[in-house]
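A short write-up of the structure that comes next.
The values are calculated or read from the model by the stated rules, or taken from the named source; none is laboratory data. Quantities reported herein were computed from a predicted structural model and do not represent experimental measurements. With ideal geometry, Cβ positions are generated from the backbone for all residues, glycine too; neighbour counts draw on all protein chains shown. These accessible areas exclude ligands, DNA and RNA; they are computed on the full protein's heavy atoms, side chains included. Shrake-Rupley method; radii C 1.70, N 1.55, O 1.52, S 1.80 Å.
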Amino acid sequence: MKREKAINQERITERNNKIRETLKSLIFPTILALIILGGVYFVINYQARPEEEEIVELRSYTGDDQAIVMENDSLKFTMDPLTTQFTVEVKESGKVWSSNPEGAANDSLALLEEKNKLQSPLIMSYAVETGLETTVNSYSQSALNGIYEISREGDSIRVDYSLGNVEKEYIIPPVMTKDSYEKWTALMEKDDSGVISQYYKKYDIKKLKKTDNKEELLTNYPKLAEQNLYILRSSTKENVRKKMQGIFESVGYTYEDYTADKELDLSQKTSDKPIFDVSVIYSLDGDDLKVEIPFSAMQYKKDYPIYTLTPLPYFGAGGPADEGYILVPEGGGSLINFNNGKTSQNNYYANVYGWDMCLTRKAVVHNTRAYYGVYGIANKDDSFLCILEDGRSYAAIQADVAGKNHSYNYVNAIYSISQREQYDVGDIANSDIYKYVDKLPDESLVQRYRFISSGSYVDMARNYQDYLKDKYGQYLSLNTDANTPVSIEIVGAVDKVKQVFGVPVSRPLKLTTYREAEEIIKTLKADGLQNMSVKLSGWCNGGVKQKILKKVKPIHSLGSGKDLQNLATTANSEGVNLYLNGITQYAFDSTLANGFFSYTDAAKLISKERVKLLEYSHTTYAQRDDLDPYYLLHTSLAGKMSDALASTAKKYGVGASFENDGRDLSSDFYRKAPYSREAVSKLQEERFKGLDSTKVMINMGNDYAVPYVDMVTNMDLKGSEYTILDGCVPFYQIALHGYIDYTGRSVNICGNAEEQILESAEYGAGLSYTVMKESAFALQKTLYTEYYGSEFASCHQELVDTYSRYNAELGHTFNQEMTGHERLSETVTVTEYADGTRVYVNYGYADYDAEGVTVSARDYRVVR
């Protein structure tokens with residue numbers, strides 16, 4: 001019995017094993033079958049579904065020609081409803097500013113397309129997959145066709161444009177009942193009624209043809225269920241519609257009749273031609289005109305994305321007989337005189353906040369940059385400023401003079417709406433292919449126009465100052481400086497390739513230890529430097545081009561953590577503001593060992609590829625493949641790096657210096673957490689705002705960051721001196737002086753120390769220097785030739801002498817507003833302060849007698 005039981009048990013076990021083996025063998029085929037079935041289900045339920053046709057609403061103006069007026073105590077806004085052009089009357093001065101130049105339609109220099117643009121309050125461009133860009137204007141492609149709407153919304157006027165090459169709306173019935181058809185045709189001449197009968201088709205719901213779609217007809221024309229209808233044939237051409245309009249008009253057919261007949265037609269008319277909807281909202285805000293364009297109101301077909309928008313492209317444009325100038329944000333500010341004759345020069349163009357690093361480019365000849373979004377026009381004794389508010393990070397400022405395509409001098413902001421990226425498909429296509437963003441952010445473009453009863457750029461700057469003070473309140477108040485602010489950048493270490501066991505490895509090259517930096521501070525303080533801010537660069541994570549700041553590690557060869565703390569303690573005891581400098585937006589030479597994984601930590605392009613960056617050659621302008629690439633960090637990670645820098649600075653009881661934040665601004669198309677460029681600017685602004693207990697230093701000084709920081713270095717005072725410009729002025733500096741400390745480039749390594757000092761004197765800037773303890777010979781066989789002039793022993797005495805004179809003569813002005821500026825000649829300027837101090841600067845190579853004061857060649861002179 002036991003043996004039989006054992007045999008049976010063995011058989012059962014063997015059978016179970018076979019069942020298990022069989023089941024195991026079925027697992028993979030079953031999973032494969034499920035995957036295939038899932039794929040089939042997806043194809044049937046999703047891929048096979050036809051995409052819904054995109055409908056762009058076509059607007060229609062139904063009002064009269066009565067002017068639309070909006071008015072308050074300061075301004076009177078009057079719009080022509082037939083063109084949507086308008087004027088703004090400044091009641092204080094009586095000056096009337098026009099959205100478009102008068103007489104543009106008769107401009108002898110302009111071709112028809114340019115005349116249409118000149119008469120347009122809005123210009124738009126759209127693009128296609130191949131990158132081809134087409135310009136559309138609101139005059140000929142909206143207003144003349146009547147495809148727009150105007151409405152009052154409280155204290156504002158809203159214009160809803162449909163833009164595109166669409167059929168003009170003709171006042172002919174799209175649908176008529178039998179009674180209506182017989183009524184109108186009975187009034188017509190026999191030949192005319194014959195024409196009408198050819199283009200209307202009679203429908204009887206009980207006598208439809210096999211080709212007729214009953215359900216669709218009843219959906220589009222519900223009245224068909226009750227009576228016969230005459231429906232205009234969709235193939236009727238425009239010239240025929242125009243003739244039919246004349247026939248109907250001759251028998252008394254009115255717009256009210258047309259409106260009633262349109263109610264019988266519920267069909268949605270579509271067209272293969274690209275149509276766009278854009279809304280512009282005008283409102284009066286005290287003394288200002290406010291213009292808003294909400295992204296949410298933009299409609300377009302995905303194959304024709306809106307590429308750029310230019311609101312009020314010719315507002316206040318100056319004609320050939322006008323006297324005035326254009327103010328553009330090049331450097332601290334630059335002027336372009338009306339009708340200056342420079343018609344062979346390129347127009348002015350500058351990206352607000354520079355290039356967006358999340359957009360690819362193959363070569364860089366010149367980087368354009370404006371660090372504040374403001375432009376303006378002065379016409380004789382009146383002027384206006386246009387301040388870009390929301391959406392300014394998408395803008396570029398462009399300006400040009402009369403005599404090229406037309407007779408007007410103008411300036412405007414052109415906004416990039418649908419960003420794009422070029423794909424390299426050279427092996428499979430003959431043309432470029434572009435990918436555009438899938439959807440627009442829920443944002444708006446806002447421009448504010450401020451009107452000044454003066455033609456002086458100084459008064460324009462003071463008006464901008466009032467705007468900033470009203471907007472930022474307590475964050476922008478006069479400082480108490482009694483001495484010239486001076487920035488001393490001390491370079492700790494740079495990276496240099498060294499051989500380690502025969503293998504080339506990047507290692508920090510010591511230039512200034514923490515103890516040596518401490519001695520430099522003591523020395524300069526003893527030499528009489530006051531109001532000193534020290535930026536410590538290259539002090540952590542590998543040097544100047546530091547690795548990612550996930551872990552902040554002081555460089556061992558520069559000293560210990562205690563040495564760094566002693567440096568901070570000494571600076572504080574000497575009354576010196578010490579700032580720890582850090583890179584927070586980029587990852588240089590960073591690997592997994594540093595906590596950086598490029599596939600998850602780098603920002604993403606529109607194509608969802610990583611933002612991998614290279615330096616550009618100054619000779620060929622192409623990317624330098626011989627240098628190591630670096631990465632733009634994902635926005636949320638960059639924010640954490642900024643927090644890490646601020647936290648470390650707070651730990652040592654010193655300030656934080658941001659190498660990139662407040663200067664560089666880039667979007668991020670990361671799939672799970674995308675950020676628009678405007679959203680990133682808001683994040684940076686909020687971060688600076690939250691650091692009120694920590695001293696903050698930034699570079700360049702983007703306008704959204706400046707009110708919240710203590711020191712701005714490397715401010716571009718004069719910008720690029722393009723040929724079309726007629727002069728540089730300290731517009732931005734007039735608005736900020738006395739409220740924010742700022743400096744230009746480092747005097748000793750900028751390439752022209754004398755010129756930099758003169759510019760600083762004219763623009764009310766402090767002084768800046770870059771120093772290191774080591775000799776310049778230590779930098780041989782490195783990529784840091786820009787520091788060759790920074791050896792402390794070599795530049796020490798000149799630094800002290802320059803600062804001592806500058807501070808003795810100008811130190812008292814840094815807690816005052818700048819109240820005046822004037823160009824006395826091509827090479828001599830004078831800047832005035834609230835207490836009457838006048839600073840004369842002579843850029844020329846000969847002495848100059850200015851207002852009874854002799855200013856030596858290549859020098860400045862202060863008169864109190």
Cα-centre dipole for region 125-247 with unit charges at Cβ (Lys and Arg positive, Asp and Glu negative), debye to 20: 740
Beta bridges per DSSP with both ends in the chain, % antiparallel, nearest 5: 80
Loop only by DSSP, 16 or fewer other Cβ within 10 Å of the Cβ. Give me the trypsin sites (Lys or Arg not before Pro) in region 118-199 that pass, ordered by residue number. K168
Arrange the peptides 751-761, 843-853 so that the one whose residues have, on average, the most other Cβ atoms within 10 Å appears first. 751-761, 843-853
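What percentage of the solvent-accessible surface of the chain, computed with a 1.4 Å probe over protein heavy atoms, is contributed by carbon and sulfur atoms?
Numbers: 19430 of 40420 Å².
Reported share for carbon and sulfur atoms: 48 percent.
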Separation between the H366 and E721 pseudo-spin-labels, each 7 Å from Cα along Cα→Cβ, expressed in nm? 1.3
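Just from its helices, what would the mean residue ellipticity at 222 nm be for the chain, if runs of 4 or more DSSP H residues each count -39500 (n - 2.57) and the sum is divided by every residue, rounded to the nearest 500 deg cm²/dmol? Let's see the in-between values first.
Working: 16 runs with 207 residues, N = 864.
Computed ellipticity for the chain at 222 nm equals -7500 deg cm²/dmol.
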Once ligands and nucleic acids are excluded and a 1.4 Å probe is used, how much of L144 is accessible, expressed in Å² to the nearest 10? 90
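Multiply the residue gap between A225 and T254 by 0.36 nm, knock off their C-alpha separation, and tell me the result in nm, one decimal place. Spell out each step's value before the answer.
Details: separation 29, 0.36 × 29 = 10.44 nm, distance 2.66 nm.
Here the segment from A225 to T254 would lengthen by 7.8 nm.
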Over region 530-644, what is the relative contact order in whole percent, taking alpha-carbon pairs under 8 Å and six or more residues apart? 27
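What length, rounded to one decimal in nm, is gained on full extension from L266 through to I433, with 0.36 nm per residue of separation minus their alpha-carbon distance? Please report the intermediate quantities before stating the final value.
Working: separation 167, 0.36 × 167 = 60.12 nm, distance 3.85 nm.
Additional length available on full extension: 56.3 nm.
Which value, in Å to one decimal place, does the Kirkwood hydrodynamic radius take for region 577-707 when every pair of different Cα atoms is included? Display every interim value, and only then the final one.
Numbers: mean 1/r = 0.0638 Å⁻¹.
It works out to 15.7 Å.
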Computed curve, region 731-864, Cα-only Debye sum without solvent term, log₁₀ I(q)/I(0) at 0.12, 0.16, 0.20, 0.21 Å⁻¹, is -0.52, -0.83, -1.14, -1.21
Keeping all protein chains in place, calculate the accessible area per residue for the chain (probe 1.4 angstrom), answer in Å². 47
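May I ask you to derive the FRET efficiency for K469 and D381 from their Cβ-Cβ distance with R0 = 25 Å, giving the value to the nearest 0.05? Walk me through the numbers before you get to the answer.
Values: r = 25 Å, r/R0 = 0.99.
My answer for the efficiency is 0.50.
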Over the heavy atoms of K202, what accessible area does a 1.4 Å probe trace out, to the nearest 10 Å²? 110
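Between Q422 and S60, what FRET efficiency follows from the Cβ-Cβ distance if R0 is 45 Å, with the result rounded to 0.05? Intermediate values should be presented prior to the final figure.
Numbers: r = 38 Å, r/R0 = 0.85.
Efficiency, rounded to the nearest 0.05: 0.75.
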Could you pull out the pairs from K551/K612; K242/K439; K202/K301 whose alpha carbons sit more than 27 Å apart here? K242/K439; K202/K301
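For region 335-407, just say rounded, prolate or oblate: build the C-alpha gyration tensor, square-root its eigenvalues into a ≥ b ≥ c, call rounded for a/c under 1.5, and beyond that prolate if a/b exceeds b/c, oblate if not. Can you show the working numbers first?
Values: a/c = 2.99, a/b = 1.38, b/c = 2.16.
Oblate, since a/c reaches 1.5 and b/c is not below a/b.
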By average Cβ neighbour count within 10 Å, what is the ranking of 395-407, 563-575 from highest down? 395-407, 563-575
If you find the alpha carbon centre of region 841-864 and of region 606-655, how far apart are they in angstrom? 44
Please say if region 71-186 is rounded, prolate or oblate, where rounded means a/c under 1.5 for a ≥ b ≥ c the square roots of the C-alpha gyration tensor eigenvalues, and otherwise the choice is prolate for a/b larger than b/c and oblate otherwise? oblate
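Compute, for region 643-746, the length of the dipole vector about the Cα centre, with Cβ point charges of +1 (Lys, Arg) and -1 (Asp, Glu) only. Units Debye, rounded to 20. Don't skip to the answer; put the middle values down first.
Details: 12 positive and 15 negative charges, 80 e Å.
Dipole magnitude for region 643-746 comes out near 380 debye.
Taking a 1.4 Å probe, which of K223, K207 shows the most accessible area, and what order do the others take after it?
Details: K223 80, K207 160 Å².
In descending accessible area the options line up as K207, K223.
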Does anyone have the angle between helix 635-652 and the longest principal axis of the chain? Alpha-carbon axes, 0 to 90°, nearest 10? 20
In region 80-185, if the dipole is taken from +1 on Lys/Arg beta carbons and -1 on Asp/Glu beta carbons about the Cα centre, which of G131, S156, V175 is farthest to the positive end? V175
Specify which labelled value, from (1) 1.02; (2) 1.21; (3) 1.11, agrees with Cα Rg over 2.2 N^0.38 Å derived from the coordinates of the model shown. (2)
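So, by mean Cβ neighbours within 10 angstrom, what's the order for 688-699, 209-220 with the highest one leading?
Numbers: 688-699: 18.4, 209-220: 10.2.
In descending order of packing, they fall as 688-699, 209-220.
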Kindly state, to the nearest 0.05, the FRET efficiency for K207 paired with A808, given R0 = 60 Å and r defined as their beta-carbon distance. 0.05
Zone of E519 (label point 7 Å along Cα→Cβ, backbone N under 14 Å): which residues in region 757-785? 772-775
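Rounding to the nearest 20 debye, state how big the charge dipole of the chain is about its Cα centre with +1 on each Lys and Arg Cβ and -1 on each Asp and Glu Cβ. Mind showing how you got there, number by number?
Details: 95 positive and 121 negative charges, 986 e Å.
The calculated dipole for the chain is roughly 4740 debye.
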Could you tell me the accessible area of W184 in Å² (1.4 Å probe, neighbours in place), rounded to the nearest ten? 20
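At a threshold of 8 angstrom on Cα-Cα distance, excluding pairs fewer than six apart, so keeping six or more, what relative contact order does the chain reach in percent? Intermediate values should be presented prior to the final figure.
Working: 1794 pairs, mean separation 87.7, N = 864.
The value is 10 percent.
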